[in-house]
Amino acid sequence: MNTLAVITARSGSKGIKNKNIRQLNGKPLIAYTIESALQSHYIDEVMVSTDSDVYADIAKKFGAVVPFLRSNRNSEDMSKSVDVLLEVLDEYEKREKYFDNIVMLQPTSPLRTYKNLNEAFDLFYEKNADSVVSVCECEHSPLLSGILPDDWSLFEFIKSENNLRRQELQKFYRLNGAIYISKVTALKEIRSFYGENSYAYIMKQRESIDIDTELDFEYADFLLKRQNG
């Protein structure tokens with residue numbers, strides 16, 4: 001099966017300027033995702049979807065291809081990831097290049113490994129799934145969360161039926177933003193990764209770090225430095 005990896009890396013990050021190419025433990029953030037994708041034996045082509053020539057040059061330096069730049073309409077803050085992917089597929093098809101599967105990888109998951117990718121694809125094929133999306137266990141159970149009134153009263157903050165020890169609470173999982181795999185036909189049909197034949201690939205919390213703030217950046221840098229000795 002012919003599979004395309006699309007690394008989504010627009011240049012207009014608001015929280016951390018130029019986040020996707022910022023140096024993280026000696027390499028641009030985007031390089032970690034490119035390198036893990038290139039190592040996966042399930043992926044045939046690794047491309048970066050970006051609106052920036054600067055980003056494109058950096059992506060090519062680390063082995064990705066950038067056959068075209070992203071359109072302005074899909075480079076806005078409110079642009080949808082699915083629309084970006086469908087635009088990529090359309091541009092490839094104009095060049096008479098077709099893929100059976102597509103995997104979206106966000107550069108903000110630098111601790112995602114090629115082993116994670118291979119395991120997610122193993123599940124994808126084992127289940128004959130339309131899509132597989134990565135998740136991880138929630139750091140804190142939502143059953144221990146609540147909404148505070150204006151006076152900050154804790155009365156009934158925790159429902160009595162949820163007033164259990166942490167070890168006794170049901171496990172909850174969250175999307176971690178690391179891996180989104182889909183058959184191309186399914187993505188075009190439902191324009192979503194979440195259909196009746198979709199499955200979750202569970203990752204460890206350490207591998208699931210998603211860089212959105214300066215604190216996330218510092219934590220990822222710490223873990224990578226420790227990992228590299």
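The values are calculated or read from the model by the stated rules, or taken from the named source; none is laboratory data. Remember, it's a predicted structure, so these values are computed and weren't measured experimentally. Ideal geometry is used to build each Cβ from the backbone, glycine not excepted, and the neighbour counts take in all protein chains shown. For accessibility, only protein heavy atoms count, side chains too; no ligands or nucleic acids. Shrake-Rupley method; radii C 1.70, N 1.55, O 1.52, S 1.80 Å.
Details
- Considering only residues in region 36-54 that are in a loop (DSSP other than H, G, I, E, B) and among the β-branched types (Val, Ile, Thr), the one that is surrounded by the fewest Cβ atoms within 10 Å (Cβ to Cβ) turns out to be ILE43.
- Residue in region 54-67 that is at pLDDT below 95, closer than 25 Å to VAL82 by Cβ and hydroxyl-bearing (Ser, Thr, Tyr) present: no
- Filtered residues of region 186-229 (kept if closer than 23 Å to SER13 by Cα, of a type in the set (A, V, I, L, M) and either outside any helix (DSSP H, G or I) or in contact with a Cys (Cβ under 7 Å, 6 or more places away or on another chain) (or both)): ILE209, ILE211
- Out of LEU111, LEU89, one residue alone is touching a helix residue (DSSP H, G or I) at 6+ places or on another chain (Cβ under 8 Å), open to solvent by less than 20 Å² (accessible area, probe 1.4 Å), assigned to a helix (DSSP H, G or I) and modelled with pLDDT of 95 or more. It is LEU89.
- Looking at PHE99, PHE68, just one residue is farther than 17 Å from ALA120 by Cα, assigned to a loop (DSSP other than H, G, I, E, B), without any contact (Cβ under 8 Å) to a residue 24 or more places away in the chain and touching a helix residue (DSSP H, G or I) at 6+ places or on another chain (Cβ under 9 Å), and that residue is PHE68.
- Any hit, region 170-187, residues being open to solvent by less than 30 Å² (accessible area, probe 1.4 Å) and on the phi > 0 side of the Ramachandran plot: yes
- One residue from ILE43, ILE58 being touching a strand residue (DSSP E or B) at 6+ places or on another chain (Cβ under 6 Å) and over 22 Å from SER182 (Cα atoms): ILE58
- Qualifying residue in region 16-32 (condition: closer than 23 Å to ASP130 by Cβ and either modelled with pLDDT of 95 or more or not in a loop (DSSP other than H, G, I, E, B) (or both)): no
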